[in-house]
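A short write-up of the structure that comes next.
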Amino acid sequence: MTSTEAEDPPVAETIERFAAAAAKRVAQARDLEELDALQSELTGRRSPVAGWKRSLGGLADAERRELGRLLNEALERVEALLAERRVALRREARASRLDGDRMDLTEVPPGAGPGHLHVVTQVREELEDIFVGMGYEIADGPEAESEWYNFTALNMPRDHPARSIQDSFYLATGDRETYLLRTQTSPVQVRLLERGSLPLYAVAPGRVYRRDTADARHLPVFHQIEGIAVDHGVTFGDLAGTIETFVSAIFGSATATRLRPGYFPFTEPSAEFEVTCAICGGEGCRTCSQTGWIELGGSGMIHPAVLESAGVDPEEWTGFAFGFGIDRIATMRHGIEDIRVLLENDVRFLAQL
Ligand code: DAH
């Protein structure tokens, strides 16, 4: 159709032929780009329909109305077909994009088995084995915990500054008691003590939550393992020996441990324990802030107020407790500089461990 023809008023047959040809071309458009070009060619300002519309001006009323109606109908049909084709092409584009991203999980080499446990689970199970070997039981507690167990019974009353260090996710339960996602595994200590069966040697691994922004060394959801030992005449020396034992079991004897005075409301005295940084071997690097040491956790002799709040007589029983990060051990063991990779589920990373 040349432009001179386009400016001549069409006959009904011309319009019909145009619409049929347009329908065929729309159906054949292979991608969205082609469809865009086609849309402007068939319905835009320079399209035959637009030219024909302009040509109607010189016609008699009745004829103009009739041809105008035919033109509008044809245009609507073409537009509807364009829209339909657009939906189909979008769906195809999306499907092929998803297809490109797909990981073929059947591509595992034959005989490779069903895969392996996540590195954090591996470390947790290893820790459990080590402590079971030392006569500890494995315990657990709820992740949605009451303020009483998570803080108050641990000698952290409402206005205690340490509460704000562990910025919490509170739960809107509507209960009289306030609930939150536990910020530490320490509440399990209280639950175990309340059972009233002593002596007690237990570890409680599990997930904990803090309102932290994820960075190379922090995750808002991470894993701790809590340990508690309550017996007659338990000493700080027993605590130090226990930490030493599990650190060398998990890292090997080349890794050194040190205890530094620290502060936790639920222990007195309290100590932070650190191991030599596995990323730099103790030389000092970004991961350990150039100190050569990485803090693994906290520990100390259980505060008498904690024993009392769980109904245990501190005159008769003494104990130690500790809590440390499992994810951090996993990163140290494998020389992982950015803890976030643990959560990214990238098979290229996971398959290496
Ligand atoms: N709950 C402490 C924290 O998350 C770690 C901790 C410190 C646990 C001292 C203990 C302890 O059992 O005695 O920071």
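The values are calculated or read from the model by the stated rules, or taken from the named source; none is laboratory data. All figures in this text were calculated on a predicted structure; none of them were measured in a lab. Heads up, the Cβs are rebuilt from the backbone with ideal geometry, glycines too, and the neighbour counts pull from every protein chain shown.
Working carefully through the options Glu344, Glu316, Glu283, Glu274, find the one that is among the charged types (D, E, K, R) and closer than 26 Å to Ala162 by Cβ.
Glu274
Can we say Thr173 is more than 25 Å from the chain's Cα centre (by Cα) and at pLDDT below 95?
no
Results for (1) within 16 Å of the ligand (Cβ to nearest atom); (2) among the hydrophobic types (A, V, I, L, M, F, W, C); (3) in the same structural domain as Gln189 (by TED's automatic domain parsing); (4) farther than 22 Å from Ile228 by Cα, shown as yes or no for each residue.
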position: Gly292; (1), (2), (3), (4): no, no, yes, yes
position: Glu295; (1), (2), (3), (4): yes, no, yes, no
position: Gly311; (1), (2), (3), (4): no, no, yes, no
position: Trp317; (1), (2), (3), (4): yes, yes, yes, no
position: Phe322; (1), (2), (3), (4): yes, yes, yes, no
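Is it true that Gly111 is touching a residue at least 12 places away in the same chain (Cβ under 8 Å) and outside the structural domain of Glu194 (by TED's automatic domain parsing)? Break it down stepwise before answering.
Values: touching a residue at least 12 places away in the same chain (Cβ under 8 Å): no; outside the structural domain of Glu194 (by TED's automatic domain parsing): yes.
Against the criterion (touching a residue at least 12 places away in the same chain (Cβ under 8 Å) and outside the structural domain of Glu194 (by TED's automatic domain parsing)), Gly111 does not qualify.
Among the candidates Val341, Val247, Val306, single out the residue that is among the β-branched types (Val, Ile, Thr), surrounded by 15 or more Cβ atoms within 10 Å (Cβ to Cβ) and within 13 Å of the ligand (Cβ to nearest atom).
Val306
Hey, can you tell me all the residues within region 324-344 that are in contact (Cβ under 8 Å) with a residue 12 or more places away in the chain, farther than 24 Å from Ile228 by Cα and not in a helix (DSSP H, G or I)?
Gly335, Glu337, Asp338
Yes/no matrix, rows are residues, columns are (1) under 16 Å from Val203 (Cβ atoms); (2) touching a helix residue (DSSP H, G or I) at 6+ places or on another chain (Cβ under 8 Å):
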| position | (1), (2) |
| --- | --- |
| Val247 | yes, no |
| Pro265 | no, yes |
| Pro269 | no, yes |
| Val275 | no, yes |
| Thr291 | no, no |
| Glu316 | no, no |
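Could you go through region 201-210 and let me know if any residue there is assigned to a strand (DSSP E or B) and surrounded by fewer than 12 Cβ atoms within 10 Å (Cβ to Cβ).
Among the residues of region 201-210, not one is assigned to a strand (DSSP E or B) and surrounded by fewer than 12 Cβ atoms within 10 Å (Cβ to Cβ), which makes the answer no.
Within region 257-287, count every residue that is in contact with an Asp or Glu (Cβ under 9 Å, 6 or more places away or on another chain) and more than 16 Å from the ligand (Cβ to nearest atom).
Count: 5.
Which residues, counting only those in region 241-284, are assigned to a helix (DSSP H, G or I) and farther than 19 Å from Ala330 by Cβ?
Result: Gly241, Thr242, Glu244, Thr245.
State yes or no: is Thr183 within 13 Å of the ligand (Cβ to nearest atom) and either within 27 Å of Ala229 (Cβ to Cβ) or of a type in the set (Gly, Ala, Ser) (or both)? Lay out the reasoning, then the answer.
On the way: within 13 Å of the ligand (Cβ to nearest atom): yes; either within 27 Å of Ala229 (Cβ to Cβ) or of a type in the set (Gly, Ala, Ser) (or both): yes.
In short, yes.
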